[in-house]
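Chemist: Attaching a single structure in structure tokens format; questions to follow.
The values are calculated or read from the model by the stated rules, or taken from the named source; none is laboratory data. Since the model is a prediction, treat every value here as computed from it, not as a measurement. No Cβ is skipped: glycine too gets one built from the backbone with ideal geometry, and neighbour counts run over all protein chains shown.
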Amino acid sequence: MEKEKIWKGMIEKDPDSAAEKFTSSILTDKKLYAQDIIGSAAYAVGLKSIGIITSAELGIILSGLKTVKALIEKGEIDFTAYEDIHSLVEYELLKIAGEPAAKIHTGRSRNDQIVTDELLYMKESIADTALKTIKLLKIISEKAYIYRGLVMPAYTHMQKAQPVLVSHYLLSFFEKFSRGMGRLFENFEACDCLPLGSAACTGSGYKIDTGLIKKVLKFGKTSSNSMDTVGGREYIIEYLFGLSMLMINLSRFCEDLIIFNTQEFSFIEIDDAFCTGSSIMPQKKNPDILELVRGKSAVVIGNLFSVMALFKGLPSTYNSDMQEDKKLLFNAESQTKECIDIFSRLLANIVFNEKVIMQSIKSGFLEATDAADYLVRKGESFRNAHHIIGRVVRHCIENNLSLGEMQTVKLKQYSKYFDNDFYRAIQMESCINAKTAVGGTAQKNVDSKLKESLKVIDDYEARLKSLFERIPDFELIVSEYI
Ligand code: ARG
């Protein structure tokens, strides 16, 4: 550990080594080194503007921080020698910059510093997750385009229900991940408030130029209440909810694909490069990636629950319990990003077995609802039509027939409304194209959704670009203020 704690003074005894190890957070928060450095640089700019440090001292601090960053990136700093990332940056800076570095914590606390680090980190993480989600949306849209026109069974209760376009099925996940994008944009906004100036809990005793620091760090707002700021982590809970929702939807997609990949279904072919074999059964080709994504979704959801539980009983302002939030955040965001990436690669290489799917839609009376709708259009009430078709289907099952194989004369025994145009009405194509209500699977609806998906993607890309522009750049700050 560092020779001297930044909090030495009142506490005389050297820390017990187990206590020191237990309270240390460096192995987790070292991930925030770049944010701690950029936050410190901006804070120094703020200190200079209120005369706590001189221009010359600011120059020394900024170039010192640049050196600290370079040393960390070259692996030349022993992280384990420090309690946390804040003391590491301050002490390493002190070694390089001397006295001016000792002024950098004026009116600042690790309590507002850690929130600053987290918010800056989260902005990057959210933008990165959004970038990956857009890539996934593109792949979904491309796949949906490739299989334009292919009809498959839709299932409810895992029973064959009605015919649907494969594109419509795929675009249902476009909608889910599109809402995921909406949440990510909101998550980003929740991180757009500068915490510096809040200090330990009641606000800084110096007239910190938060307007200037906000500008340097590209935050949109400044904190309105110091107690709220140092004691709040809603932005993490909300982001973890956003990530959990992405994972829940990925997991459901995986579950569908696992089922579609079974020998019993054989609707899809997963590329060999994304499958694994069995150590004992030579014939096996397992969809492990899909299973792992499904499994990891449980971990991310667990992290959301953990972080919520972490806060429910905390008294106001900072408590050390909060130190645990970072492990949960880092773990959830890295697992989610990895899952989106690998799932996207797997999805891009999936092939739908058109022959098997086309064979599958022949059984299961997928057109039964449309047969009832046919009678309704002729004048029958829907409830009667439902009963009539139910009886016809039972007759078909008992006689091993399909609906289309029923003779008109026989059908007329069930309802006078049956006629020769019935056969056309229950063709798969007719069933699909009858679903013209908004959000239905009619080919023209799906085609316009496909087109719209490209515009949605363009819009997300433009919005994401503007998010990246709201993430500060250390080199630019140094060059502007040195
Ligand atoms: N390591 C702390 C955390 O991760 C930040 C410092 C908190 N301040 C304190 N007085 N211990 O939340």
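Chemist: For the stretch 268-311: of the residues being modelled with pLDDT of 95 or more and among the hydroxyl-bearing types (S, T, Y), which is nearest to D325 (Cα to Cα)?
Modeler: That would be S306.
Chemist: For residues that are of a type in the set (K, R) and within 16 Å of the ligand (Cβ to nearest atom), scanning just the stretch 99-148, find the one that is farthest from the chain's Cα centre (by Cα). Let's see the steps before the verdict.
Modeler: First, the residues of the stretch 99-148 that are of a type in the set (K, R): 103, 108, 110, 123, 132, 135, 138, 143, 148.
Narrowing the set further to residues that are within 16 Å of the ligand (Cβ to nearest atom) leaves 108, 110.
Values: R108: 33, R110: 29 Å.
My answer is R108.
For (1) modelled with pLDDT under 95; (2) under 40 Å from the mean Cα position of the chain (by Cα), each residue gets a yes or a no:
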residue	(1), (2)
K3	yes, no
I6	yes, yes
S25	no, yes
I38	no, yes
S63	no, yes
K69	no, yes
K74	no, yes
H86	no, yes
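For (1) touching a residue at least 12 places away in the same chain (Cβ under 8 Å); (2) in contact with a strand residue (DSSP E or B) (Cβ under 9 Å, 6 or more places away or on another chain), each residue gets a yes or a no:
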residue: Y206; (1), (2): yes, no
residue: L217; (1), (2): yes, yes
residue: T262; (1), (2): no, no
residue: D271; (1), (2): yes, yes
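Chemist: So which helices (runs of 4 or more DSSP H) are wholly in the stretch 1-104 and hold at least 1 residues that are among the aliphatic types (A, V, I, L, M), within 28 Å of L194 (Cβ to Cβ) and touching a helix residue (DSSP H, G or I) at 6+ places or on another chain (Cβ under 7 Å)? Full working, then the answer.
Modeler: Details: elements: 17-23, 26-29, 33-49, 55-73, 85-97.
Here the list reads 26-29, 33-49, 55-73, 85-97.
Chemist: Scan the stretch 74-92 and report the pairs whose first residue is among the β-branched types (V, I, T) and whose second residue is at pLDDT 95 or above and more than 15 Å from the ligand (Cβ to nearest atom), with Cβ atoms within less than 7 Å and a gap of 6+ or a chain change.
Modeler: I77/L71; I77/E92; V89/I37; V89/V68
Chemist: Touching a Lys or Arg at 6+ places or on another chain (Cβ under 9 Å), among the charged types (D, E, K, R), outside any helix (DSSP H, G or I) and closer than 30 Å to K66 by Cβ - does that describe any residue in the stretch 411-420?
Modeler: No - not one qualifying residue is present in the stretch 411-420.
Chemist: Continuing with the same structure: From the list S363, S334, S320, pick out the single residue that is surrounded by fewer than 15 Cβ atoms within 10 Å (Cβ to Cβ) and within 16 Å of the ligand (Cβ to nearest atom). I'd like the intermediate steps shown before the answer.
Modeler: Working: S363 fails: within 16 Å of the ligand (Cβ to nearest atom); S334 fails: within 16 Å of the ligand (Cβ to nearest atom).
The conditions single out S320.
Chemist: Which residue pairs have Cβ atoms closer than 9 Å, lie 6 or more positions apart in sequence or on different chains, and pair a first residue in the stretch 371-397 that is in contact (Cβ under 8 Å) with a residue 40 or more places away in the chain and assigned to a helix (DSSP H, G or I) with a second residue that is surrounded by fewer than 16 Cβ atoms within 10 Å (Cβ to Cβ) and of a type in the set (F, W, Y)?
Modeler: Every condition considered, the pairs that remain are D373/F382; L375/F382.
Chemist: Test of understanding: among E92, E124, which residue is in contact with a Gly (Cβ under 9 Å, 6 or more places away or on another chain) and farther than 16 Å from R233 by Cβ? Before you say what the answer is, go through the steps one by one.
Modeler: On the way: E124 fails: in contact with a Gly (Cβ under 9 Å, 6 or more places away or on another chain).
Sole residue among the options that is in contact with a Gly (Cβ under 9 Å, 6 or more places away or on another chain) and farther than 16 Å from R233 by Cβ: E92.
Chemist: Also, I was wondering about something else. Going by the conditions given, is H168 away from the ligand (no atom under 16 Å from the Cβ), free of Cβ contacts under 8 Å to residues at least 24 places away in the same chain and not basic (K, R)?
Modeler: Details: away from the ligand (no atom under 16 Å from the Cβ): yes; free of Cβ contacts under 8 Å to residues at least 24 places away in the same chain: no; not basic (K, R): yes.
No; evaluated as a whole, the condition is false for this residue.
Chemist: Shifting gears a bit: If M308 satisfies all but one of (1) surrounded by fewer than 17 Cβ atoms within 10 Å (Cβ to Cβ); (2) not in a helix (DSSP H, G or I), what's the number of the condition it fails?
Modeler: Just one mismatch for M308, condition (2).
Chemist: Tell me, which residue of the stretch 211-232 that is buried (at least 20 other Cβ atoms within 10 Å of the Cβ) and in contact with a helix residue (DSSP H, G or I) (Cβ under 7 Å, 6 or more places away or on another chain) is nearest to Q113 (Cα to Cα)?
Modeler: Taking the candidates together, the pick is V230.
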